[in-house]
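Following: one structure in structure tokens, then a few remarks.
The values are calculated or read from the model by the stated rules, or taken from the named source; none is laboratory data. Keep in mind that what you see is a predicted model, and the values were worked out from it rather than measured. Heads up, the Cβs are rebuilt from the backbone with ideal geometry, glycines too, and the neighbour counts pull from every protein chain shown. Please note that ligands, DNA and RNA were not included when accessible areas were found on the heavy atoms of the full protein model with its side chains. Shrake-Rupley method; radii C 1.70, N 1.55, O 1.52, S 1.80 Å.
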Amino acid sequence: MQDQLFINGRFVDAESGETLATLNPHDNSVIAEVAMAGKADVDKAVKAAQAAFPKWSRMAAMERGHLLLKLSDAIDANRQELAELESIDTGHPLRDTLGLDAPRTAVTFRYFGGMADKLEGTVIPVEEGFLNYMLREPVGVVGQVVPWNFPLMFTSWKMGPALAAGNCVVLKPAELTPLTTLRIAELMAEVGFPEGVVNIVPGLGSVAGQYLAEHSDVGKIAFTGSTATGKRIVQASSENLKKVQLELGGKGANIVFNDANLDAAVNGSAFAIFHNQGQACIAGSRLLLHEAIADEFLDRFLKLAASIRLGNPLDLQTEMGPLTSRMHRDRVLSYCDVARAEGGRVLLGGKAPDNAELAEGCYVLPTVVKASPLDRVSQEEVFGPFVSITTFRSDEEALAIANGTQYGLGGGLWTRDLQRAHKFARDMKSGMVWINCYKRVNPGSPFGGVGLSGYGREMGFEAMREYTQVKSVWVNIDADMRPYYSR
Ligand code: NAD
């Protein structure tokens, strides 16, 4: 297991020699003491990335893509090990890390490996006598800061397009979950990525992350995390007016209409909120039920939620693991009191499981709360297995509730009415809408939000645009052009 910083192709200790423990949220045991980057280490990483940039950016795009393809093969070959490491470090059930996180990481790197040589410029039809063409160029050194909820997958979401477009990267993983990112760096070195192209600097957000966002030799900062930190990143980026891309929080509305297929809606809505212990920015954390089906839906939904199997993430039978840290578990549970104080009712869960085997871990039972749309639990991101339920009577009311937060990341609806489905897709204030499904993602499909959920898009061609800048080149091809000054 790698526990050092990865700078200029080598694993090294932090200049200060400081480390930070990473814990297993199943029992809070220490997995590893990981080197903790300070400003001097971030400086070294940025310098290494700067030095690697000229060669990497001019390398044939197909060759860059080939390295990404080799990396995705290496991830497939090491799937079991990566999945176990991710489960131990984050608490995600192995059935997910093995079946979703690890393969999706490989697929996303593969997608961007194929994309590397598809990034074309254009010729613009301007006035006669001139050729005008547009180049799409990499930004240079890109800083990337990621959270702890999907650390393995985020290596590919962030580094895939950045590297395919010809940038060099300094990535800071979250304090709580650095291990799979360091293993990916090791695989990158093994498959032949040149020194300095990728640098990984685990460390504190307030130190290493903040400094990376301020750094005047970093041309872009791509951030996934909370809205509060996103605002700090924007301020820090003003130092050199670097490009900023923000994937922030969400409070996804998941609307079930009276004509929905209830079997599918119940199952899909449980997945929307309880998958990954609800620690997903796109979680369907607000469930809006048409009052005609609310009782029947709730009856079935509560039964399904109560049957979800909590347990050690390494057990393949486990459907829900622990939350990623004890502090976060306490924060999530504290929202039950917040709900009660405003007149909400906890219908299910709201506490840690009684099971003695899980007593040391960061577990929370699936929690369902009845609340009003303006209550704090319906407005603030809880980021756990915690869903707030509201009922509505009309489409207009459902839309007003759905759009009634400052977030706008993802939202879903369950209906058989085609017109209604497309009308909501048009009118919902969010970057993604799922109809009769929820939380679908694909490397080709743009991912990101509006409002306090941030700006910029990951995935697909949109991501390649985010990691490039445009240059317009004018060529005079008319030798006899009349000069401006006639002398
Ligand atoms: P966070 O903002 O506290 O931390 C995220 C990352 O930012 C960590 O690496 C942290 O060390 C770093 N950081 C903290 N302070 C910093 C600073 N001043 N400067 C630079 N970096 C700093 O978020 P979190 O609690 O770890 O993660 C959960 C949040 O992430 C939730 O709000 C969730 O919705 C959001 N999220 C968003 C998306 C998306 O794509 N929109 C995806 C996943 C998670």
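Only residues that are in a helix (DSSP H, G or I) and open to solvent by 10 Å² or more (accessible area, probe 1.4 Å) were counted across the stretch 454-466, and they come to 4.
In the stretch 441-473, what residues are away from the ligand (no atom under 13 Å from the Cβ) and touching a Phe, Trp or Tyr at 6+ places or on another chain (Cβ under 6 Å)? PRO443, VAL473, listed by residue number. Meeting the requirement of 2 or more residues that are assigned by TED's automatic domain parsing to the domain that holds LEU163, within 8 Å of the ligand (Cβ to nearest atom) and in contact (Cβ under 8 Å) with a residue 12 or more places away in the chain, the helices (runs of 4 or more DSSP H) wholly within the stretch 186-291 are 210-214, 227-237.
If you go through the stretch 299-327 and keep only what is open to solvent by 70 Å² or more (accessible area, probe 1.4 Å), part of a loop (DSSP other than H, G, I, E, B) and within 13 Å of ALA270 (Cβ to Cβ), you end up with just ARG309. Among the residues making up the stretch 394-406, those that are acidic (Asp, Glu) and either part of a strand (DSSP E or B) or without any contact (Cβ under 8 Å) to a residue 12 or more places away in the chain (or both) are GLU396, GLU397. Quick one: GLY404 ticks every box in (1) open to solvent by less than 10 Å² (accessible area, probe 1.4 Å); (2) under 11 Å from ALA253 (Cα atoms) except a single one, so which number is it? Looking at each condition in turn, GLY404 falls short on (1). In the stretch 135-153, the qualifying residues are those that are away from the ligand (no atom under 15 Å from the Cβ) and not in a strand (DSSP E or B), and the one that is most open to solvent (accessible area, probe 1.4 Å) is VAL139. Of all residues in the stretch 154-185 being outside any helix (DSSP H, G or I) and away from the ligand (no atom under 16 Å from the Cβ), which is surrounded by the most Cβ atoms within 10 Å (Cβ to Cβ)? The qualifying residue surrounded by the most Cβ atoms within 10 Å (Cβ to Cβ) is CYS168. Scanning the stretch 407-453 for residues that are in contact (Cβ under 8 Å) with a residue 60 or more places away in the chain, among the hydrophobic types (A, V, I, L, M, F, W, C), open to solvent by less than 30 Å² (accessible area, probe 1.4 Å) and assigned to a helix (DSSP H, G or I) gives a single hit, PHE424.
Of all residues in the stretch 328-380, those satisfying the criterion of being part of a helix (DSSP H, G or I) and touching a strand residue (DSSP E or B) at 6+ places or on another chain (Cβ under 8 Å) are VAL332, TYR335, CYS336, ALA339, ARG340, LEU358, VAL377, SER378.
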